Structure formats: structure tokens, C-alpha cells
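Right, one structure below, let's go through it.
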Amino acid sequence: MTEDRPIAPLYNRIYGDVVYWITFACCIVSLVGPMASVIWPENNAMNPYFTYALIFEGMTGVEIWMTLYGDWPWLHKVWWDNFFTGDGFTMFGMVIGCTVAFWALIPTIPALAREKLWIYVLFSLFVMFMILLSASGIFEVGG
């Protein structure tokens, strides 16, 4: 029965494997970071208990961000500056997880090119460009 199943093309397997493993790693990072934030609240860019108080006061996400950091995080400067804190490490995991398609397309594009699927190569490059614009904060949909 298993020999009747078609084998997925190499570019599909590459993309799927990269997405799977990066997502798995980001889940672990996003589990460890908040635990570190709560265990060592003084080793954070923001005190988690103060953040929870702002949430319960009914502030919006933008208002909370501006209260905690004083500026909008263009180009992810907050987690970059605070990487070795619980919340900075968590933000790092979230950034990598939200841009996983970008990272998965890097090894997938050569496989697509080897198969001479040029329209998919161009579309993949366009998608990577849009992910970079979105992740940088330059472009947002529905904002």
C-alpha cells in the first residue's frame, strides 16, 4: 500500500521540513522565555506584573507598547537590544516563528530553480520581499 503513494517533490519536502523544525524550535523558545520572565521578573525589558496591570486597565496593545518601551519597535530593535532577557528571548522566538516562510523559502528556491520552475522562483522571491516588509514594520495589512 505504501508503494502506491506518490513521493512529494523535493522542493515540497524541503519547505515542509524547514517549516516544521523552525516552528518546533520557536515553540520551545516561546515556552522558555515567559517562564524566565516570571521566574526572574527583574531580568526583563519590562516587568511582567506591570504589563499585566496595564492589560487589566484596558489599554490597547499600542498604548501598552508605548508605555513600556517609549517607541514603536521598528526593525525589531526591542528584542535585539534585550535578547538575553526573558521577554526579549520570547520576542525573538515569535519573530522567527512569524517569518518561518521566509526562512523556509531560502533553501526551497534553489530546488525550484533546479526543476526550472521559474514562475515559482519569482513568486517565492516576491513572498520573501513582502515578509521582510511586514516584519520590518514598513508595511502592514489591515493596520
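The values are calculated or read from the model by the stated rules, or taken from the named source; none is laboratory data. Keep in mind that this is a model prediction, so the values were computed, not measured. FYI the Cβ positions are ideal-geometry reconstructions off the backbone, even for glycines, and counts take in every protein chain you see.
Points worth noting:
- Hits in the range 40-50 - residues which are touching a helix residue (DSSP H, G or I) at 6+ places or on another chain (Cβ under 8 Å) and in a helix (DSSP H, G or I): Pro48, Phe50
- When restricted to residues that are surrounded by 14 or more Cβ atoms within 10 Å (Cβ to Cβ) and outside any loop (DSSP other than H, G, I, E, B), the range 51-64 contains 3.
- Index of the failed condition, Leu68 passing every other in (1) in contact (Cβ under 8 Å) with a residue 60 or more places away in the chain; (2) under 22 Å from Ser136 (Cβ atoms): (1)
- Residue identified as out of contact with any His (no Cβ under 9 Å at 6 or more places or on another chain), charged (D, E, K, R) and surrounded by fewer than 12 Cβ atoms within 10 Å (Cβ to Cβ) among Lys77, Lys116: Lys116
- Whenever a residue of the range 104-125 is farther than 29 Å from Ala25 by Cα, its partners that are hydroxyl-bearing (Ser, Thr, Tyr) and buried (at least 16 other Cβ atoms within 10 Å of the Cβ), lying with C-beta atoms within less than 7 angstrom and at least six residues away or across chains, give the pairs Glu115/Tyr11.
Condition check ((1) of a type in the set (A, V, I, L, M); (2) modelled with pLDDT of 95 or more) across all residues:
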{"position": "Ala36", "(1), (2)": "yes, no"}
{"position": "Trp40", "(1), (2)": "no, no"}
{"position": "Gly58", "(1), (2)": "no, no"}
{"position": "Gly88", "(1), (2)": "no, no"}
{"position": "Trp103", "(1), (2)": "no, yes"}
{"position": "Ala111", "(1), (2)": "yes, yes"}
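- For the range 82-93, a residue qualifies if it is closer than 21 Å to Ser136 by Cα and either surrounded by 13 or more Cβ atoms within 10 Å (Cβ to Cβ) or touching a Leu at 6+ places or on another chain (Cβ under 8 Å) (or both), and the qualifying residues are Asn82, Asp87, Gly88, Phe89, Thr90, Met91, Phe92, Gly93.
- If you go through the range 85-114 and keep only what is part of a loop (DSSP other than H, G, I, E, B) and either of a type in the set (A, V, I, L, M) or within 17 Å of the chain's Cα centre (by Cα) (or both), you end up with just Thr99.
- Set Ile131, Ile96: member being surrounded by 13 or more Cβ atoms within 10 Å (Cβ to Cβ), free of Cβ contacts under 8 Å to residues at least 40 places away in the same chain, under 20 Å from Gly16 (Cα atoms) and in contact with a Phe, Trp or Tyr (Cβ under 8 Å, 6 or more places away or on another chain): Ile131
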